[in-house]
1. Nearest 10 degrees is fine. How inclined is helix 161-170 to the longest principal axis of the chain, computing both from alpha carbons?
2. Going by how many other beta carbons lie within 10 Å of each one, how would you line up Thr2, Thr174, fewest first?
3. Counting only residues 5 or more places away or on other chains, whose amide H sits under 5 Å from the amide H of Ile150 once H atoms are built in the peptide plane?
4. How tilted is helix 107-116 with respect to the longest principal axis of the chain? Cα atoms for both, answer in degrees (0 to 90, nearest 10).
5. List, largest first, the extents of the alpha carbons of region 10-167 along their principal axes, each in whole Å.
6. State, as an integer percentage, the relative contact order of region 3-180 based on alpha-carbon contacts under 8 Å between residues 6 or more apart.
7. Ranking Leu14, Leu27, Leu259 by Cβ neighbours within 10 Å, fewest first, what do you get?
8. Got a sec to turn the phi values of region 339-353 into Karplus ³J(HN,Hα) couplings, 6.51 cos²θ - 1.76 cosθ + 1.60 with θ = phi - 60°, whole Hz, x for Gly and Pro?
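Taken together, the values in this text are just the output of simple stated rules run on the coordinates, not laboratory data. Nothing here was measured: the structure is a model prediction, and the numbers come from that model. Cβ placement follows ideal geometry from the backbone for every residue including glycine, while neighbour counts extend to all protein chains displayed.
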Amino acid sequence: MTITIIGAGAIGGLAGAYMAKAGHDVLLVDRWQEHVDALNARGLFIDGVRGEMTVPVRAATPDQLTQPLGMVLVATKSQHAVDAVRQVLPLLRPDSAIVSYQNGFNEPDIVALLDANGFDGKAMVIGSIPNYGGALVDPGYIEFVHEGPIQLGEMDGRRTPRLEELGRQLSALTEVQVSDNIWGQIWAKEVYSAQVVFSALVDARIRETLGVERYARIAGAIVREALEIAEANGIAVEAFDFFDPANYRPKTPADTRRLLDNINHAIWLLKKDQNEQAHQFKKKGSGIWWDIVYRNRPSEVRSSNGKLIDYGRRAGVDVRLNEKLCAMIYEIEEGRRPLGFHNYDELEAYVNQIGKALP
Ligand SMILES: NC(=O)C1=CN([C@@H]2O[C@H](COP(=O)(O)OP(=O)(O)OC[C@H]3O[C@@H](n4cnc5c(N)ncnc54)[C@H](OP(=O)(O)O)[C@@H]3O)[C@@H](O)[C@H]2O)C=CC1
Ligand SMILES: CC(C)(CO)C(=O)C(=O)O
């Protein structure tokens, strides 16, 4: 089975390199010409949590694809996922599989695109959430930032041969957890990620933002609201290693303590494999921080937390905290607001003003 990965960045690049190294047939596709050229000329150089290595890979730009595609992993940022599938529509067959290999709520949009083009979208789309982390630093160079599993599942929860085979190949990179409720996993990552968005209001390490109790309390209130949005949409939000939704409905100060411990545990998980003596990590914050601060471009917040807010509005939920958070991120992206701890002061005042502080 040839696996085509569209988006050879941190997530797609690491998956492709480890699968190729294990002898699987992988083609990395990216629209960044210099990156594709570097991959073909020198292979993918990876440093970070597992040390340094260079893996020979095959890479192409989208316009170079000519063969019909079987298993396709879409590992672009969320806002580019549907267009990434659209560009390969002429190469798809009824038995092709499209894996939405990213954060965000893209599966229904990809299904709709496929349906509109004469395919059976529901039969073709596989859901997933990658929970390892990295950063595309330069052409041909990815930093592996933290370990974590991959969640994978058919949208209808069935165990299928194609899922087993994909899981087997991806396990060359990391643990693969096959889920019978992948939509609940996808929601869980988005609910959890409200605090990741929060951490990007400041140009600082995660431990200086979510690691500070005063700030973690604001983040916790934002995640609690995100969880209310999920529940109002009838979603059974799953736990995963960074996150247990059971901790995000605090009624007492003791409940809040458990919630803050969950946030600290997530930070510990994100850091536990890092050896700062062995490697100076370039990616100090989240992927959202990386796009805003390092790559100086809009993050995927509009397409991730922004969509969560839309789900909330449609269900009649109070989404004021997430709205305020996103508005602040959009102002930062548009150059109308500086990054900094003053953003936390403003958000904390707003949390108190609208009566959403944690007990
Ligand atoms: N990085 C991380 O640590 C984690 C990321 N994720 C999720 O994984 C997803 C991918 O993130 P990440 O790997 O960081 O993203 P990157 O920005 O590192 O890589 C995405 C790559 O896809 C390219 N691309 C975009 N559109 C197309 C297209 N139509 N055809 C071909 N290539 C395209 C991008 O090019 P261009 O730059 O031109 O847009 C870019 O090179 C996101 O949803 C993210 O939230 C999940 C867990 C952790
Ligand atoms: C959850 C986290 C921080 C894990 O890498 C992430 O998804 C990101 O870096 O964007």
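1. 80 degrees
2. Details: Thr2 13, Thr174 17.
Ascending number of Cβ neighbours within 10 Å: Thr2, Thr174.
3. Asn131, Glu175, Val176, Gln177
4. Roughly 50 degrees, rounded to the nearest 10.
5. Projected onto the principal axes, the Cα atoms of region 10-167 cover 43, 32, 29 Å.
6. Values: 391 pairs, mean separation 40.6, N = 178.
Value for region 3-180: 23 percent.
7. Working: Leu14 28, Leu27 21, Leu259 24.
Final ranking by Cβ density, sparse to dense: Leu27, Leu259, Leu14.
8. Karplus values, whole Hz, x for Gly and Pro: 5, x, 5, 4, 5, 5, 4, 5, 5, 4, 4, 5, 4, 5, 4.
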